[in-house]
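The values are calculated or read from the model by the stated rules, or taken from the named source; none is laboratory data. Note that the structure is a prediction, hence the values are computed from the model and not measured. Here Cβ is always computed from backbone atoms with ideal geometry, including for glycine, and neighbour counts include all displayed protein chains. Please note that ligands, DNA and RNA were not included when accessible areas were found on the heavy atoms of the full protein model with its side chains. Shrake-Rupley method; radii C 1.70, N 1.55, O 1.52, S 1.80 Å.
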Amino acid sequence: MSLLVVGLSHRSASVSVLERAALNADEQVKLLQDTVAAEPATEAAVLATCNRIELYADVDKFHAGVAELSTLLAQHSGVGLEELTPYLYVHYEDRAVHHLFSVACGLDSMVVGEGQILGQIKDSLARAQELHSAGRLLNDLFQQALRVGKRAHSETGIDRAGQSLVTFGLEQLARGGDVQQWARGKKALVIGAGSMSSLAAATLARAGVAEIVVANRTFDRAERLAQILMEGDDTDVAARAVPMESVPAELTRADVTVSCTGATGLVLTAESVAWAVEGRTPAPAAGGEDGPGAPGGESGPAAGALRGGASGTSLGSEDGCPLDLSAVQGTAGFSVLGEAAVAGMAAADLEQHAAWVDNGTAGGDRRAAAGTARPGQTGTLDPAADTDAIAALAATVATVGRIPERRRPEPVEEPQRPEPVLFLLDLAMPRDIDAAVHRLAGVRLVDIESLADASAGAPMAADVDQVRRIVSDEVAAFGAALRAAHITPTVVALRTMAADVVAGEIARLDGRLPGLDDKHRAEITQTVRRVVDKLLHAPTVRVKQLAAEPGGAGYADALRTLFDLDPETVAAVSRAEDSTTEKDRGPA
């Protein structure tokens, strides 16, 4: 066995890297074709999901295979090889089998125990079979991975250790509360009609949403999904299909939106989401001068929320302040008058800032007298009392040209965000929804990145340990069977040679004893065959046992050498077995 896997996943790379390296269906097909055309690989399969991109191959050389597969992944993902390499992992032979079986059981998923990966493995195998890039090794490997995954889910409680990304994502939207109670009566918009979107729509329907609107670039698929939802026996939901052009209008009516498409660009921009919630959230304390806006503009309360994290303060407009307060006023711990405000300031700006502070603190004295001063609002500095501190600061500025921060910033209260009126779940890779939506008031966005953060500390249950034992046992059994199968053509060739020797000797006997009757000829033939079988039985059984153990691949070579077997005869037996297996093998 020379199984090699090269890939990257949520465990080795950030979401941004996975987004850039994501492959659409056409790119996966081209990657498979180029892989089997490369010299080191004879078989290939691609497993591409939201959280991973993996290339499996049967190679004849390890180092050359790693180099070739890494290069192909970089070329087809569009991420440079030097940039991609630190995020890649490599598994070989038994370790590669162990990895795929773990993936199939949900042990390597972002949400441990999720079962959707089985469908994705099945799709990966079907694609490789359709392109004829999967031979005996990868067919057997992927089909066994599917069986191992099903066994893990049927024999253990791995489902209790985690759930599908859809369910987990909805729980995150509901902030850990009861999903059915949270979803009851809501209007849902589902963008996309693939397997993940269909699962999301079905999950929302069972959770009790009042309406589901399905949008897809292929309208027929959206209609088909809406019809399936309407005909479901376990739900009573109103469902309808709309073209993608209707998404902006439907977004203004939706309470929850799930998006999972194969688009390479954003499906929902921050501006379009801001426009969708316009008027549905309370206006900020201090609005801009512009009137209500539409997608693409920078007006209205939602757009104001995008411009500054803590709108409602006018500090950024103070005359004479050299700081870009609009960029930092929402930062936790920021103090306009504290030392943190001037940390890192260029020396040339210090005098201007000092004058601004002096002008501002006159009002601070009045506020202090009235008892209304906020933290960070102090009285006018006393140069005489602070001579040493001022001298130290001046010396630092003269040396390094900037003022360092000498103490922690003073804590400030962050403005309270209004309750969400629009819940967004982005399950696509690369992302469908602009990450800037996180900053919009009245919107709650859960995406792949936030799901990874939420699931990072999930406890491991005893069921997970049980699944790990299943994986280990199945890997050992698969390796043994594969190694035993590797020596089978050699054993068959040996027995074929022995049968030919017996036939030749019986023919010679007929020539020497032409008067031998049929009864005696048959008895002699049977006796010679029994002798040969007894002589070969123990060695061939033992060599199969030895070959099934780790490192047993060399026994086939030894057997061919000892009995001077023709390599072409062994290869012919192997090809015949592969042809028979291919005919008997059904679709994935």
message = Can you find a residue that is at pLDDT below 90 and not in a helix (DSSP H, G or I) anywhere in the stretch 498-510?
response = no
inquiry  = I'm told PRO40 meets every condition in (1) in contact with a strand residue (DSSP E or B) (Cβ under 6 Å, 6 or more places away or on another chain); (2) in contact (Cβ under 8 Å) with a residue 40 or more places away in the chain except one. Can you identify the failing condition by its number?
reply    = (2)
inquiry  = Which pairs turn up if I take residues in the stretch 469-486 that are farther than 14 Å from PHE101 by Cβ and look for partners that are outside any helix (DSSP H, G or I) and among the hydrophobic types (A, V, I, L, M, F, W, C) with beta carbon separation below 6 Å, at least 6 apart in sequence or on another chain?
reply    = ALA480/ALA548; ARG483/ALA548; ALA484/ALA548
ask   = Residue check, GLU245 against (1) open to solvent by 30 Å² or more (accessible area, probe 1.4 Å); (2) in a helix (DSSP H, G or I); (3) at pLDDT below 90, all met but one. Which one?
value = (3)
query = What are the pairs, 6+ residues apart or on separate chains, where a residue within the stretch 56-85 that is under 17 Å from SER16 (Cβ atoms) and among the hydroxyl-bearing types (Ser, Thr, Tyr) has its Cβ under 6 Å from a residue that is modelled with pLDDT under 95 and not in a strand (DSSP E or B)?
reply = SER77/ALA21
inquiry  = With the requirement that a residue be closer than 19 Å to LEU131 by Cβ and either without any contact (Cβ under 8 Å) to a residue 60 or more places away in the chain or assigned to a helix (DSSP H, G or I) (or both), what does the stretch 43-54 give you?
reply    = ILE53, GLU54
message = Please go through (1) on the phi > 0 side of the Ramachandran plot; (2) buried (at least 17 other Cβ atoms within 10 Å of the Cβ) for HIS132 and return the number of the only condition it doesn't satisfy.
response = (2)
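For every residue, the table says whether it meets (1) within 17 Å of the chain's Cα centre (by Cα); (2) open to solvent by less than 50 Å² (accessible area, probe 1.4 Å).
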| site | (1), (2) |
| --- | --- |
| LEU445 | no, yes |
| SER450 | yes, yes |
| ILE470 | no, yes |
| ALA477 | no, no |
ask   = Counting only residues that are in a loop (DSSP other than H, G, I, E, B) and either within 22 Å of VAL532 (Cα to Cα) or of a type in the set (A, V, I, L, M, F, W, C) (or both), which one in the stretch 511-520 is least open to solvent (accessible area, probe 1.4 Å)?
value = LEU516
ask   = Which pairs do you get when a residue that is farther than 25 Å from VAL267 by Cβ and in a strand (DSSP E or B), found in the stretch 408-430, comes within reach of a residue that is modelled with pLDDT of 85 or more and basic (Lys, Arg), reach meaning Cβ atoms under 7 angstrom, with the pair 6+ apart or on two chains?
value = none
task = Output the residue which, of all residues in the stretch 42-93 that are small (Gly, Ala, Ser) and under 17 Å from GLN28 (Cα atoms), is nearest to the chain's Cα centre (by Cα).
result = ALA48
query = Taking VAL46, is it of a type in the set (A, V, I, L, M) and modelled with pLDDT of 90 or more?
reply = yes
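Residues checked against (1) of a type in the set (A, V, I, L, M); (2) surrounded by 20 or more Cβ atoms within 10 Å (Cβ to Cβ); (3) in contact with a Pro (Cβ under 8 Å, 6 or more places away or on another chain); (4) closer than 22 Å to GLY115 by Cα:
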position: GLY169; (1), (2), (3), (4): no, yes, no, yes
position: GLY177; (1), (2), (3), (4): no, no, no, no
position: LEU204; (1), (2), (3), (4): yes, yes, no, yes
position: ILE212; (1), (2), (3), (4): yes, yes, no, no
Only one of GLN120, GLN144 that is open to solvent by 10 Å² or more (accessible area, probe 1.4 Å), within 23 Å of the chain's Cα centre (by Cα) and within 21 Å of SER9 (Cα to Cα) = GLN120
request  = Might you let me know whether the stretch 515-526 holds any residue that is at pLDDT 80 or above and within 37 Å of the chain's Cα centre (by Cα)?
outcome  = no
query = Is it fair to say LEU31 is touching a Ser or Thr at 6+ places or on another chain (Cβ under 8 Å), open to solvent by less than 20 Å² (accessible area, probe 1.4 Å) and not in a loop (DSSP other than H, G, I, E, B)?
reply = no
task = Would you please name the residue that is farthest from the chain's Cα centre (by Cα), looking only at residues in the stretch 427-443 that are more than 21 Å from ALA22 (Cα to Cα) and open to solvent by 20 Å² or more (accessible area, probe 1.4 Å)?
result = ALA441
inquiry  = Which count do you get for residues in the stretch 542-556 that are part of a helix (DSSP H, G or I) and open to solvent by 60 Å² or more (accessible area, probe 1.4 Å)?
reply    = 4
remark   = Condition set among the small types (Gly, Ala, Ser) and within 21 Å of MET429 (Cβ to Cβ), scope the stretch 35-51, selection least open to solvent (accessible area, probe 1.4 Å): answer is ALA45
request  = Scan the stretch 55-64 and give yes if some residue there is touching a helix residue (DSSP H, G or I) at 6+ places or on another chain (Cβ under 9 Å), open to solvent by less than 30 Å² (accessible area, probe 1.4 Å), in a helix (DSSP H, G or I) and more than 23 Å from GLN116 (Cα to Cα), otherwise no.
outcome  = no
inquiry  = Restricting to the stretch 181-202, give me the number of residues that are surrounded by fewer than 17 Cβ atoms within 10 Å (Cβ to Cβ), farther than 30 Å from ILE121 by Cα and touching a residue at least 24 places away in the same chain (Cβ under 8 Å).
reply    = 3
query = In the stretch 223-230, is there at least one residue being in contact with a Lys or Arg (Cβ under 9 Å, 6 or more places away or on another chain), acidic (Asp, Glu) and surrounded by fewer than 17 Cβ atoms within 10 Å (Cβ to Cβ)?
reply = no
